[in-house]
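Heads up: the structure comes next, in structure tokens.
The values are calculated or read from the model by the stated rules, or taken from the named source; none is laboratory data. These numbers come from a predicted model, not from an experiment. Methodologically, a virtual Cβ is constructed for each residue, glycine included, from the backbone with ideal geometry; neighbour enumeration extends over all protein chains shown.
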Amino acid sequence: MSIEQRRVVDFVSTDKADGHVSLTISDHLPWLPDNEHLLILQDKINDYLAFLESGEIYDSYPKAHGREIEIRLICKYPPAGDGVRFLELASETVRKAGFRFSVHTP
């Protein structure tokens, strides 16, 4: 799966340590000054939030019932420029919606 595939959850997993469910976004795009990457990522995060808020996650992944849920972003490249601030705002938005948000970079 890829960040560029809309309305598709790339990966779903359950953390063995604390049992939370992670929905992973696999981001292979470089952080370029044109900010097109930010728009693609914003759309993907919004798709994940819609998947969660609609309850569709429980149909697709019943093990998510009663568990804390995280949107996990795995980046091939470290965030740069406007990407850093965007991820701060995205994290705040996801947390306000009641979910965890994490970013993993090289």
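Looking at (1) crowded, with 19+ Cβ neighbours inside 10 Å; (2) of a type in the set (A, V, I, L, M); (3) at pLDDT below 95, which one does VAL103 not meet, given that it meets all the others?
(3)
Name the single residue, out of those in segment 1-17 being modelled with pLDDT under 90 and of a type in the set (A, V, I, L, M), that is farthest from ASN46 (Cα to Cα).
Checked segment 1-17; the qualifying residue farthest from ASN46 (Cα to Cα) is MET1.
Within segment 21-106, which strands (runs of 3 or more DSSP E) (wholly inside it) include 2 or more residues that are closer than 20 Å to PHE11 by Cα and β-branched (Val, Ile, Thr)?
Output list reads 21-27, 69-75.
Can you confirm whether segment 28-40 contains a residue that is of a type in the set (D, E, K, R) and either buried (at least 18 other Cβ atoms within 10 Å of the Cβ) or at pLDDT 95 or above (or both)?
Of the residues in segment 28-40, the ones of a type in the set (D, E, K, R) are 34, 36.
Pick out the ones that are also either buried (at least 18 other Cβ atoms within 10 Å of the Cβ) or at pLDDT 95 or above (or both) and you get none.
No, segment 28-40 has no match at all.
(1) under 11 Å from the mean Cα position of the chain (by Cα); (2) surrounded by 13 or more Cβ atoms within 10 Å (Cβ to Cβ); (3) not small (Gly, Ala, Ser): which one isn't true of PHE11, the others all being true?
(2) is the only condition that PHE11 fails.
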